[in-house]
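None of the figures in this text is laboratory data; all of them are computed from the coordinates on show. These figures come from a predicted structure and were not determined experimentally. All Cβ positions, glycine included, derive from the backbone under ideal geometry; neighbour counts span all protein chains shown.
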Amino acid sequence: MDIKKAQFVISAPTVSLCPKDNKPEFAFIGRSNVGKSSLINMLCNHKGLAKTSATPGKTLLINHFIINNEWYLVDLPGYGYAKRSKTVQDKLDKMIRSYILQREQLCNVFVLIDIRHEQQKIDREFVDWLGASGIPFSIVFTKADKLGPVKAKGNVKQWMDALLDTWETLPPYFITSSEKKTGKDEVLNYIDEILKE
Ligand code: GTP
Ligand code: MG
């Protein structure tokens, strides 16, 4: 699939203020600075579409982008940014979780993981929560350009294998680099398959 048209629609502070036209949507979540907004821009071939920043904590609202006039990509704020006050982070966590639980047209959540790091408790807890809540999700390993291919594959295997201590089946996963445009077709084809279901 190719993205011909991508446009920003709205930044919403609550799920009730998100678009009401019932089109299918795909959301991107993960720790602050993992590369959610950059990945959306890479998938859309549109550098300034979602706002990115070298400083964590850039995205603070639920951002909808309409793709080919048919479906949405959704950029969410990051979780687990230690420099935010607990009150602010708790509010963001509540917003993210109620969006995920209440949004009926949400087809898939992409959970982004920095490929360089071993499994962090906060990511694991989030993935376990998605699984336990019955939300369809997949894993996207980001910033693959920062590692050699052997180390990257090894890290991914370790991360995925660690899920087997409590999960019987593993979610789909993708290896990406927004810098090098790696993994673009894989992620877009996966979205296309779900849209065709
Ligand atoms: P928040 O909105 O703050 O939660 O962050 P985010 O997850 O949206 O991250 P963002 O896309 O803003 O990227 C954070 C930083 O990582 C920026 O400096 C990006 O340029 C950099 N970055 C993102 N993706 C990649 C990648 O694939 N490779 C490299 N080398 N850098 C990346
Ligand atoms: Mg962002």
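Contact map, the stretch 36-52: first residue of a type in the set (A, V, I, L, M), second residue assigned to a helix (DSSP H, G or I) and near ligand 1 (Cβ under 7 Å from one of its atoms), Cβ cut-off under 9 Å, separation 6 or more or different chains; pairs are 49/37; 50/36; 50/37; 50/38; 50/39.
Going by the structure shown, is residue 99 farther than 20 Å from residue 18 by Cα and among the aromatic types (Phe, Trp, Tyr)? Taking the combined requirement at face value, the residue does not satisfy it. Only a single criterion out of (1) within 16 Å of ligand 1 (Cβ to nearest atom); (2) closer than 23 Å to residue 163 by Cα; (3) among the hydrophobic types (A, V, I, L, M, F, W, C) is not satisfied by residue 82, namely (2). I'd like the residue in the stretch 2-38 that is in a helix (DSSP H, G or I) and touching a strand residue (DSSP E or B) at 6+ places or on another chain (Cβ under 6 Å) and, out of all such residues, is nearest to residue 135 (Cα to Cα). Per the criteria, the residue is 36. Could we say that residue 100 is in contact (Cβ under 8 Å) with a residue 12 or more places away in the chain and within 12 Å of ligand 1 (Cβ to nearest atom) here? Judged against the criteria, residue 100 is not a match.
Total residues in the stretch 32-84 satisfying the condition of being near ligand 2 (Cβ under 9 Å from one of its atoms) and closer than 23 Å to residue 5 by Cα: the figure is 12.
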